[in-house]
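Reviewing the structure listed below.
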Amino acid sequence: MVSRVIPVEPFDLVVFGGTGDLAQRKILPGLLRRFTDGQMPPDSRVIAVARSDMDSASFRARVARAIAETVPDSHRDAGSERAFLERIDYVMVDATGEAGWRDLAAALRPDVVRAVYFSVAPALFGPIAEGLHRHEIARADCRIVVEKPFGQDLDSARALNATLAAHFDEKQIYRIDHYLGKETVQNLMAVRFANILFEPLWNAQFVDHVQITVAETVGIEGRAGYYDAAGAMRDMVQNHLMQLLCLIAMEPPYRFDPEAVRDEKLKVIHALDPVAPGDIVRGQYNAGNGQPGYRDECGDPDSLTESYIALKLHISNWRWKGTPFYLRTGKRLRARASEIAVTFKEPPHSIFGEGERWKENTLVIRVQPNEGITLNVMIKEPGPGGMRLVDVPLDMTFAEALGAGGRDIPDAYERLIMDVIRGNQTLFMRGDEVEAAWAWTDPIIAAWQAREDRPQPYEPGSAGPEDALMLVHRDGRRWREISP
Ligand code: BG6
């Protein structure tokens, strides 16, 4: 099946932090793919902005190197790369001063979609928002894109929201959580709401429990300064895992539209019970497999920051009362594997008699890698010898099912940037959602800090600390294997 690529309107995308890691590794290579696929119209432009003094030619050379490093050779096309690089200009701007703003204003065209990506530290959100207004760059239809971390607690998130709200309407603000741009995450909504099959069973009467796993093999990748102050709770749970949870647990929105979807997600966050201290396990990876331990990497031998977290959640509403949601995420684990597994309850009565092997029906949505969906069902074991049951996977790997060969599953950023240009906020977090997520997270972190909670060490390449296994075992359940 060939995917339909519908070009967006021509645009000027300004990227503050143009020389930074995110722009070089994700935003610009992502735009290149959209350009190559014909979705980014040739008369669109990217205006990269940073403080360094360089001209557009040197900046393009830098982007060309980043593309060579991040895009596999098999997916490269010299002609498109050349044409794409010509669409990029560089403007030096001092975000906190006066230099460069006039040049930036002069570089923009009046008659195309205008978006400004704040790929910078949150401390610069205010000065940039203000500068965009002072220099009349922020037209009423100008969109701004901001990245996580969106604050480090409720107070700072509120302050950031207030800063942005002083200059922009909520309809102009696109808060990125790149997990919402992942193809399978959107598929979760398609599976739930485009099929009649699952929704009648999607509640505490039929769902035994839900597991959300985001396992990584990488460590903190040189981001000690940020990560040691954040930890897995702020870095992953408050945002990515929370978003996955919302999409699984929310009520059907009346339409796939930004306010309808975000209203339903917000209700889930409001319905979350506070987490009991015994329902959370924090971990920190040891050295091993030739790699340094967390504390060596972050440079603080006494760091109490968690690189792993597992927790059990309850949602207090009619749909979910009594169904636990187990969430876990960590670095330096056995495999890079993110999935959502919805395990259904046993049939009320077995007509096949006692002792017959039985395994729960589980719907697994593989977020990455090997994106796809598997439903485990029980069937009769083939052959003579009576009625014996066996569980088999009904498996759909998207790349195979859609003939995409893996290539056409777009990266989250590609999808999200195109949504910004289209003016579609459905897959972006609203200000109140982010605040609600922090309001739930803050007391958990405060409790650890108050008692100087020590994360448990775990071996790199493992499934996390022992106690995390117990969190599920003691409920008579088990975690799914972490395997790619
Ligand atoms: C980022 C976190 O938001 O998501 C990182 O800051 C994490 O710590 C990353 O590694 C994971 O994203 P992905 O797309 O590789 O699963």
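Below, the figures for the structure above:
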item	result
Verdict on Tyr308 being over 17 Å from the mean Cα position of the chain (by Cα), among the aromatic types (Phe, Trp, Tyr) and closer than 30 Å to Gln291 by Cα	no
Lone unmet requirement of (1) open to solvent by 40 Å² or more (accessible area, probe 1.4 Å); (2) free of Cβ contacts under 8 Å to residues at least 40 places away in the same chain for Leu124	(2)
Enumerated helices (runs of 4 or more DSSP H) restricted to the stretch 1-96, each holding at least 3 residues that are open to solvent by 40 Å² or more (accessible area, probe 1.4 Å) and at pLDDT 95 or above	56-70
Residue match in the stretch 443-458 (condition: touching a residue at least 12 places away in the same chain (Cβ under 8 Å), assigned to a helix (DSSP H, G or I) and among the charged types (D, E, K, R))	no
Identity of the residue in the stretch 192-210, open to solvent by less than 20 Å² (accessible area, probe 1.4 Å) and among the hydrophobic types (A, V, I, L, M, F, W, C), that ends up nearest to Arg336 (Cα to Cα)	Val210
Considering residues of the stretch 464-484 that are assigned to a loop (DSSP other than H, G, I, E, B) and open to solvent by less than 20 Å² (accessible area, probe 1.4 Å) only, the residue modelled with the lowest pLDDT	Ile482
Residue in the stretch 345-353 that is among the acidic types (Asp, Glu), modelled with pLDDT of 85 or more and within 16 Å of the ligand (Cβ to nearest atom) present	no
Positions within the stretch 166-178 being open to solvent by less than 10 Å² (accessible area, probe 1.4 Å) and within 9 Å of the ligand (Cβ to nearest atom), in sequence order	Asp177
Selection within the stretch 184-204 - out of contact with any helix residue (DSSP H, G or I) (no Cβ under 8 Å at 6 or more places or on another chain) and either touching a residue at least 12 places away in the same chain (Cβ under 8 Å) or near the ligand (Cβ under 10 Å from one of its atoms) (or both)	Val191, Leu201, Asn203, Ala204
Helices (runs of 4 or more DSSP H) completely within the stretch 211-303 that count 1 or more residues being open to solvent by less than 20 Å² (accessible area, probe 1.4 Å), at pLDDT 95 or above and within 16 Å of the ligand (Cβ to nearest atom)	224-232, 242-249, 294-298
Output for the stretch 319-344, where each listed residue is in a loop (DSSP other than H, G, I, E, B) and away from the ligand (no atom under 12 Å from the Cβ)	Arg319, Trp320, Lys321, Gly322, Thr323, Pro324, Arg334, Ala335
Lone qualifier among Ala140, Ala129 - being of a type outside the set (D, E, K, R) and either under 23 Å from the mean Cα position of the chain (by Cα) or outside any loop (DSSP other than H, G, I, E, B) (or both)	Ala129
Identity of the residue in the stretch 119-160, closer than 22 Å to Ile421 by Cα and touching an Asp or Glu at 6+ places or on another chain (Cβ under 7 Å), that ends up nearest to the ligand (Cβ to nearest atom)	Lys148
Residue satisfying all of: in the stretch 361-378; in a loop (DSSP other than H, G, I, E, B) and crowded, with 18+ Cβ neighbours inside 10 Å; modelled with the highest pLDDT among these	Asn361
Qualifying residue in the stretch 413-430 (condition: open to solvent by 20 Å² or more (accessible area, probe 1.4 Å), more than 29 Å from Gly283 (Cβ to Cβ) and within 16 Å of the ligand (Cβ to nearest atom))	yes
Criterion violated by Ala106 - all others in (1) touching a residue at least 24 places away in the same chain (Cβ under 8 Å); (2) within 30 Å of Asp37 (Cα to Cα); (3) open to solvent by 10 Å² or more (accessible area, probe 1.4 Å) satisfied	(1)
Residues of the stretch 133-176 classified as among the small types (Gly, Ala, Ser) and touching a residue at least 60 places away in the same chain (Cβ under 8 Å), total	3
Per-region count, the stretch 249-278, residues in contact with a helix residue (DSSP H, G or I) (Cβ under 7 Å, 6 or more places away or on another chain) and under 30 Å from Gly461 (Cα atoms)	2
Checking Glu433 against (1) modelled with pLDDT of 95 or more; (2) part of a loop (DSSP other than H, G, I, E, B), the condition it does not meet	(2)
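The values are calculated or read from the model by the stated rules, or taken from the named source; none is laboratory data. In this text, all values refer to a predicted model and were calculated from it rather than measured experimentally. Neighbour counts run over all protein chains shown; Cβ positions are idealised from the backbone, glycine included. These area figures cover heavy atoms from the full protein model, side chains too; ligands, DNA and RNA do not enter into them. Shrake-Rupley method; radii C 1.70, N 1.55, O 1.52, S 1.80 Å.
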